[in-house]
Amino acid sequence: MRFIDEFRNAELARVVIDRIHRRSKRHIRLMEFCGGHTVTILKHGIRQLLPPTVEMLSGPGCPVCVTANADLDKAIALAREPGVIIATFGDMLKVPGSYSSLQKVRADGADVRVVYSTLDALQIARENPERAVVFIGIGFETTAPTIAASVLQAEEEGIKNYYVLSMHKLCPPVIKALLNSGEVRLDGLICPGHVSAIIGSRPWGFAARDYGIACVVSGFEPLDVLQSVAMLVEQLEKGEPKVEIAYRRGVRPEGNLRAQELMNAVFEPSPANWRGIGVVPESGLRLRKEYQRFDAELSFDIDPGPTLEPKGCLCGDILRGVKTPIDCELFGDACTPEHPVGPCMVSSEGSCASYYHYGTL
Amino acid sequence: MCLAIPALVKSIEGNEAEVELGGISRKISILLTPEVKVGDYVLLHTGYAINVIDEEEAMETLELLTEMASMEG
């Protein structure tokens, strides 16, 4: 496929790998924020192709993984409400909350439907005017504009039975929280490509300016990631950390202004609870006052009960980059993609699932 | 979750477009990319075009890498 095959060219990849080997002198630690990048790196064996001077860490960029149990429990409680139809992206189905999962409550009779898009969720709402349709709104800045668009569409059409449980999260504030914690020492950041397609490259400026972190916005093909690593090595060898875009076919410095406009019209920043990281101010999105009638949390009186965390699960530490999946005693034994204990094993881009599918070296 | 794949825009009607990806046709929303034209490639994410792919930039990136190869080869 066009714009994919060209960026999987093995010959060019070899040249970029050679260059990284020649240029990289000092030991550096790079974090790929995004779970999509983790998949590319593990699937194509990129870590093994890099010199020992370049250490790669996986970050918290998996929306399913960072959703806290307290929030998952709300979605599950909503699914149990009489007359409610839950519309959700498939990734959320198997994620265990404190007591159950959307898949389990569906087996018990709840009406939980997997959708590809908010457009499908709206269609379900149109076809079932007597039922309440709750869309489970998870995702980063990439996805939030599409949820905003669905709310605006529902408003325009006067669809009264459509609701959103907004658990959206924003990426730059959580990176800032990780850097502030001092728990993980980083030299460079592979910035998420499709989040940046929306917000642009400028919101990463603080990392270079205030923390001296080299930043490169990367695409998702192996050549994209290798090029980004080469650019990060170059910046760090020169001692000039800044923000650059490697993924120039998909990302502009200012981002997608129309998408930002819609997102800001419907949502406002709010505190958000990140698994393993805790509550980070201004790192989530809630519906603005004028759209509160679409807010599932305000519209239903649910009691999800006290939150329980899975025993022995290291997802939280893995998301912060302080542990890797192979440090976890449950990995591959008690916790597998078929029977996941934590969300990092459920989502196809979770670190644990990536390690499980593509090897653990 | 933030997966977005290139899709070719075949026709446009209002806020909707018909796109082709890997031989499959489907309808998508172009509400987030009002500037899109027939013949453009877009990044498709959960039924919405989230950006128009800049073909010139794509070519430049590949040229840059090819140049690197010829310099070092």
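The values are calculated or read from the model by the stated rules, or taken from the named source; none is laboratory data. Since this is a predicted model, take the numbers as computed values, not measurements. As a convention, Cβ positions derive from the backbone with ideal geometry for all residues, glycine included, and neighbour counts pool all protein chains shown. Keep in mind that these areas ignore ligands, DNA and RNA; they rest on the heavy atoms of the full protein, side chains included. Shrake-Rupley method; radii C 1.70, N 1.55, O 1.52, S 1.80 Å.
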Being assigned by TED's automatic domain parsing to the domain that holds A:P281 and at positive phi narrows A:G137, A:G200, A:G158, A:G182 down to just A:G158
Specify the residue that is farthest from A:F33 (Cα to Cα); the eligible residues are those in segment B:1-19 that are facing chain A (nearest Cβ under 10 Å) and not in a loop (DSSP other than H, G, I, E, B). B:E16
Subset of segment A:50-67 (residues that are more than 21 Å from A:C215 (Cα to Cα) and either among the β-branched types (V, I, T) or free of Cβ contacts under 8 Å to residues at least 40 places away in the same chain (or both)): A:V64, A:V66, A:T67
So, B:I28, is that one at pLDDT 95 or above, more than 7 Å from chain A (Cβ to nearest Cβ), open to solvent by 60 Å² or more (accessible area, probe 1.4 Å) and not in a helix (DSSP H, G or I) or not? no
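Going through A:L170, A:L179 one at a time, which residue ends up being in contact (Cβ under 8 Å) with a residue 24 or more places away in the chain, closer than 21 Å to A:G239 by Cα and open to solvent by 20 Å² or more (accessible area, probe 1.4 Å)?
So the residue among A:L170, A:L179 that is in contact (Cβ under 8 Å) with a residue 24 or more places away in the chain, closer than 21 Å to A:G239 by Cα and open to solvent by 20 Å² or more (accessible area, probe 1.4 Å) is A:L179.
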On the basis of being on the phi > 0 side of the Ramachandran plot, free of Cβ contacts under 8 Å to residues at least 12 places away in the same chain and within 7 Å of chain A (Cβ to nearest Cβ), does B:G22 make the cut? yes
Of residues in segment A:182-201 being outside any helix (DSSP H, G or I), among the small types (G, A, S) and touching a strand residue (DSSP E or B) at 6+ places or on another chain (Cβ under 6 Å), the one farthest from A:V233 (Cα to Cα): A:S201
What tally of residues in segment A:44-55 results from selecting those that are modelled with pLDDT of 95 or more and either part of a strand (DSSP E or B) or more than 12 Å from A:L226 (Cβ to Cβ) (or both)? 5
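One line per residue, one yes/no per condition, for (1) assigned to a helix (DSSP H, G or I); (2) in contact (Cβ under 8 Å) with a residue 60 or more places away in the chain; (3) among the polar types (S, T, N, Q):
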site	(1), (2), (3)
A:K323	no, no, no
A:C344	yes, yes, no
A:S347	no, yes, yes
A:A353	yes, no, no
Kindly indicate which of A:V184, A:V195, A:V174 is over 12 Å from A:K242 (Cα atoms) and within 11 Å of another protein chain (Cβ to nearest Cβ). A:V195
